[in-house]
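Here is the structure we will look at, set down as structure tokens.
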């Protein structure tokens, strides 16, 4: 086994330039899922991924239709039972490159400058997809893959994966596996490997208030008619207390507490006040008392106002008492919270605090659960050991504050937990001009996945 592992590592070393050339070819396809004009490019990218799987000797490769862009599937099941089966997830679609004038090179002509490759999709996530495939190539070209692997690459992640849920539901048997390896993630710095083991969920609402039948003259009716904009501000202000805690009734009842071991692990993350101040440009930080910054952003629930609209907002002045006011409000949820229950908590808050001088309604726009993976599962242990081998230090474990819908969908529909293990960096400019991939970290990622599979087979 040691000789086979060494041979795979040497293969990866010798083929670095070819791996890079293949990434450049893949990232040259403008597979922009949100733009109907790029539908032919979406099909071309799916075919490129399918052909690449076939060239690796992957069996049963299919381009499967959905109501939107197709899903690419393949499998390598030579290990048989009782070897574990890993479902590798990725996406081949990318964000639009706009604004084009801010790019220093053409977004779909990937360009190497120093240690970085610049181009749309090189990090998010065509580079991550190929890191996994390059590792599997290195193993199978020099020995045998001792675990079973299935592949699912979708083309709609950048538009919210609208077709993925129905696809998973209709292909449960095809996708049956022990756990998923989702490479759509990243690490902290080139020198600090990281494993993301939890994601927050989401509950998103629109709160609408109405008062008079139409906008009114504030001089004539102010002081007689309750201003919906003022009511909205007061309601929103009351949704947090002085300690930064959300005041919706029962909001924290199901929040899973952090144990001391997990808090100690999160404290290893090299992210402090200076990091957040630098990244945000905020004059000072804010949050729930009693919790560290990384705990607030990944392990505690939040309520945020995402937008406000009411009255006159144009140039100059207009003395209007608005008839309506609206706010977009989102909650980031942690394990054991439920979006439907949070919806009811919001309604109860409004029933208790909204005055009878206005009418109100809440529209639920989106919702999804949080996800968390046990850090002591064989897959996580195998990945942790692989990172330690490559980086020479133990990885830090982190919770992400955002949501990845596919992770929750795989859990709910397939009953499959996900390990998040990409090799992007915080400054890769995802979704922005001059997206880049740090090549030394990418090569380390390929080596990590090689060790991961050998560790898993043990």
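Structure summary
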{"read-out": "Scope the stretch 28-47; condition in contact (Cβ under 8 Å) with a residue 40 or more places away in the chain and within 18 Å of residue 152 (Cα to Cα); matching residues", "value": "31, 33, 42, 45, 46"}
{"read-out": "Counted residues, the stretch 87-110 - those being under 10 Å from residue 434 (Cβ atoms) and in contact with a helix residue (DSSP H, G or I) (Cβ under 9 Å, 6 or more places away or on another chain)", "value": "1"}
{"read-out": "Flag if residue 219 is at pLDDT 95 or above and crowded, with 17+ Cβ neighbours inside 10 Å", "value": "no"}
{"read-out": "Selection count where residues are in contact with a helix residue (DSSP H, G or I) (Cβ under 7 Å, 6 or more places away or on another chain), over 24 Å from residue 95 (Cα atoms), modelled with pLDDT of 95 or more and not in a helix (DSSP H, G or I), scope the stretch 1-57", "value": "2"}
{"read-out": "Among the residues listed as 74, 132, 90, the single one being part of a helix (DSSP H, G or I), under 29 Å from residue 408 (Cβ atoms) and in contact with a strand residue (DSSP E or B) (Cβ under 6 Å, 6 or more places away or on another chain)", "value": "132"}
{"read-out": "Some residue of the stretch 233-255 being surrounded by 13 or more Cβ atoms within 10 Å (Cβ to Cβ), within 18 Å of residue 401 (Cβ to Cβ), at pLDDT below 95 and touching a strand residue (DSSP E or B) at 6+ places or on another chain (Cβ under 7 Å)", "value": "no"}
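Here's the yes/no breakdown for (1) free of Cβ contacts under 8 Å to residues at least 24 places away in the same chain; (2) under 24 Å from residue 299 (Cα atoms); (3) in the same structural domain as residue 232 (by TED's automatic domain parsing):
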site: 328; (1), (2), (3): no, yes, yes
site: 334; (1), (2), (3): no, yes, yes
site: 339; (1), (2), (3): no, yes, yes
site: 347; (1), (2), (3): yes, no, yes
site: 352; (1), (2), (3): no, no, yes
site: 359; (1), (2), (3): no, no, yes
site: 363; (1), (2), (3): no, no, yes
site: 377; (1), (2), (3): no, yes, no
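The values are calculated or read from the model by the stated rules, or taken from the named source; none is laboratory data. Remember, it's a predicted structure, so these values are computed and weren't measured experimentally. Neighbour counts run over all protein chains shown; Cβ positions are idealised from the backbone, glycine included.
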